[in-house]
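Please treat every number below as a calculation from the coordinates, not as lab data. Since we're looking at a predicted model, the values are computed, not measured. Quick reminder, even Gly has a Cβ in these numbers, built from the backbone with ideal geometry, and neighbours come from all protein chains shown.
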Amino acid sequence: MFNFATLVPWMVFLPLIGMGINLVYGKRLGERNVGLIASAAVGIPFLIAVGLGMWLAQNNFAAALINPPILDGWISIPSAALEIPWQFRVDTLSVTMMLVITGVGFLIHVYSIGYMHGDARYPRFFVYLNLFVAFMLILVSANNFLMMFVGWEGVGLCSFLLIGFWFDRKKGEGWRNSNAARKAFIVNRVGDFGFMLAIFLTFWTFGTLDYSKPGEAALRAPDTTITDSVSGQITTSAVVVKPIPGVGVFGMAQQWLNEGGHKVRFGSWDVSFTVVLTLITLFMLLGVTGKSAQLPLMTWLPDAMAGPTPVSALIHAATMVTAGIYLITRSNVFFHGSPFTSGVVTLVGALTAAYAGFIAIGQWDIKKVLAYSTVSQLGFMVAAAGVGAYTVAFFHLVTHAFFKGLLFLSAGSVIHGVEHGNHAVSAHGDVGAHGSTHSTHDDHFTLDESTDVAAHGSTHGATNTPIAEEADHEAPFDAQDMRNMGGLRTKMPTTFWVYLIGTLALAGIFPFAGFWSKDDILAATFQAALGDGQIVAYLAFGLLLLAAFFTAFYMWRQIRLVFLGKPRTVAADHAVESAPVMLWPLIILAALAAVGGALNLPTAFESVLGGFKPEILSNWLAHSVTFVPEVSFNIVLAITALGVAVGAILIANYVYGRANPLTKKGDDPLMARTETRRIFELSNAKLFHDEIYDVTVVQPFIRASDTLAGPIDRGIIDRGFLGIGGLVRGIAYRLRGLQTGYVRTYTVTMLVGVLIVLFVILYPLLRQLAGGQ
Amino acid sequence: MPTPGIPIEYFVVLSAVLFVMGVLGVLVRRNAIMIFMSVELMLNAANLALVAFSRQWGDVGGQLFVFFVMTVAAAEVAVGLALIVAIFKAKKSIDIDELISMQG
């Protein structure tokens, strides 16, 4: 019998194969084929992931471990009893992540076919994207922390490569991009260091890194010999094994927590297990704050928007930044066992949610708003995980992947359209001639390059420059600045509608996806505050409610500034709708953002739903997440949250409601009133967090580096070595006079030398002769 | 084995004289070919001494050695003359005092 779970290694291999093909043949294949191969390399794994989900349903949702035929004994040091296999884990949690990564990832790949059209390094973009997907799948399908770490670092690398993808743009923009990439990488390094320490401590404590150890071979592929259930050894072919419950880090942790009194030995000290667990989870939290952009390491994510927009959608909204949430959820036994860390997690998440939500209000860059929004929403998830509602956090992770992916891609469509409008304007030089040429832009982004070029060559040959060179225009026009937009609703109707759906979902308006997941989080914190009396939960609840207010406010501000009112620039007036290849992914994501809440409807609605089951996601995840809270739907809370969101939208609608919302100086209307002016200025300045980090971390570091490089390296070390070199040279300079170059000199020297040697040898003989006389 | 006829001292003295002539030739001559011939003189002075002592002690080892010296000398002449020809082609001179490019 063919066993479907053995296909799981292909989840990783297929994107790698796609990457390899595009890496080698990318230049020759042409844009369409490159895009198709890359999309297929993610689309097929999506189908596999769907199959894996059904396979799990057939097998009572039991987790399975799969050793791929290669890389079996990945790290193995028998003398130290160290055995870390390269082992895939198929359970409901990892399959959920796989579905999100490959599903949303596939749509974003398709979208990128249109978005990256004409870029000078088109194949390389897809190479990076595929590599990213492969690493992300390694991260979520690992059965031990070390393999997860490989994915964790790999996605960090891809993030770096893709943020700095346009490193060669002119006019300083390339520097900005590559600096953003470096910033992301370096800030993440701090978090990764924390995660590494957590891994070391875990290994020291448990003697293994496996989530659970392979046990009996309940399900196996044909023609495979297997496994000693005692030692847990596995043969080299792809084999599906059932894990032994209770063996592996989480099982051991739970057992020790239940028994109590377990000590961990560090040298000559015995440390209580709960203390060690708190340390491990705190270090993990540091890793989470890096990868998932939480306070205090959140500064890299807004800068990461320098990358192409599909990257922002895929890596910096839907998948990579959720790796931290995945880590907490995967390690829920650890976090649940450490109330202190959970409190810190709650606080960090809630603070980040409110903090980033506040900053998002004062941003002008359409992508920056979404970036801070992402940070804020990740804060919601972390806070939910902090109060123990891991499945709820995951629910928000999934819906957030839908609507934030949607919003980013739509923002990309907007940027594209406005850039195009700007393009058309600068190509023609005057505004009047425009009405007639408009329609020709509509087919700019089709898959078929030949018609595209033809259409362009005939209408306005000079404008067919690649988008990547857009920045080289003389007057820098910022196509991402919302001040340059307005009134795009009529120019880009499809983009407007999907953006509106994304906004309503993010703001938490009934019945869109965000309403359900955000309400779940609020209910979970509320429950933790009132029911369990957690002090931090009170604070978190308040902060999250505030963040929800901010969310609705800045999103409606964005809708008003971008799509409604009148166009504020010629470019916005001439914006054009994007091509179908970009719009279809948007429509699919919009549909998901609209109905995504159905994944996890509250149980209270069971009677209303008829045959449709509530809490699907929670029940599904309950098979791999140990601690699933009972979050009960609270109608008062739901109405309050909805009221907050609607109120924020109404206020935003009032503030930004005019045809041209900006003040005469082109400023935000909040700047016009003295009482709101300060708030806006603070928000616009991002609460000075970059400046604070600059003064407290970056500048001291640069000064220390300067000291090391100048006085110490060049002053002491270099001078020391140069001194030794100079000494040798001086001696040699004096000695070289001996070499006259005359053969005669050498001959005489030799002769004298021979005579001296002879004399020394014959001296006793001579003495004897002299004495004899 | 005692030797009748010319005593060994004559051979040794002749050999020494020849050797010193060779050394002086190498030292004072500037023509490369003359230096070469002086070197040959030194080699043959050594050969003479070897043969003489060989006969003195009735040991063929010395004579055997002479053959080796002659072979080596022949090889050395072949290489050396080739070098001199090459130097002459390059410098149009075989004055040894002009070949001082290795001066420090």
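Overview of values
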read-out: Filtered trypsin sites (Lys or Arg not before Pro), region B:5-104: DSSP coil and at most 15 other beta carbons within 10 Å; value: B:Arg30, B:Lys92
read-out: In nm, spacing of pseudo-spin labels at A:Arg703 and B:Met37 (7 Å Cα→C-beta vector); value: 8.5
read-out: Within straight-line cross-link reach of A:Lys242, lysines at Cα separation under 24 Å, skipping those fewer than 8 residues along the same chain; value: A:Lys213
read-out: Centre separation in Å (Cα based) which lies between region A:1-46 and region A:566-583; value: 33
read-out: Taking the convex hull of Cα positions in region A:341-413, its mean projected area over all directions (nm²); value: 4.5
read-out: Rg/Rg_globular for region A:610-737, with Rg_globular taken as 2.2 N^0.38 Å and Rg from C-alpha atoms; value: 2.39
read-out: Projected label distance in nm at A:Asp667 and B:Glu76, using a 7 Å step from Cα toward the beta-carbon; value: 10.0
read-out: Principal axis dimensions, region A:1-118 - Cα atoms, whole angstrom, descending; value: 54, 37, 25
read-out: Ranking of A:Tyr538, A:Tyr372 by count of other Cβ atoms within 10 Å, fewest first; value: A:Tyr538, A:Tyr372
read-out: Region B:71-104-region A:499-561 distance, computed between alpha-carbon centres (Å); value: 96
read-out: Tail fraction, Cα-Cα pairs, chain A, threshold 44 Å, whole percent; value: 33
read-out: Backbone N within region A:743-759 under 17 Å of label point (7 Å from B:Phe65 Cα along the Cβ vector); value: A:758
read-out: Subset of A:Lys291/A:Lys404; A:Lys170/A:Lys404; A:Lys404/A:Lys613 violating a 21 Å alpha-carbon distance limit; value: A:Lys170/A:Lys404; A:Lys404/A:Lys613
read-out: Relative intensity, log₁₀ I(q)/I(0), of region A:288-397 from a Debye sum that treats every alpha carbon as a point, q = 0.13, 0.17 Å⁻¹; value: -0.42, -0.70
read-out: Centre separation in Å (Cα based) which lies between region A:47-124 and region A:311-353; value: 20
read-out: Cα gyration tensor category, rounded, prolate or oblate, for region A:234-319 with a/c compared to 1.5; value: oblate
read-out: Gain upon complete extension [A:Ser632, A:Trp364; 0.36 nm per residue less C-alpha separation]; value: 92.6 nm
read-out: Convex hull of chain B built on C-alpha atoms - directionally averaged projected area, nm²; value: 7.9
read-out: Exercise: per-residue mean of other protein chain Cβ atoms within 10 Å, A:739-748; value: 5
read-out: Partner lysines for A:Lys491 [C-alpha distance under 21 Å; skip if fewer than 8 residues away on the same chain]; value: A:Lys367, A:Lys566
read-out: Most to least packed among A:132-145, A:708-721, A:161-174 [average Cβ atoms within 10 Å]; value: A:132-145, A:161-174, A:708-721
read-out: Spin-label pair A:Arg32/B:Gln56, simplified geometry with 7 Å Cα→Cβ offset, distance in nm; value: 10.4
read-out: Structure-based [θ]222 nm, chain A - -39500 (n - 2.57) summed over DSSP H runs of at least 4, per residue, nearest 500; value: -21000 deg cm²/dmol
read-out: Sites B:Ile6 and A:Thr747 - FRET efficiency at Förster radius 41 Å, r taken between beta-carbons, to 0.05; value: 0.80
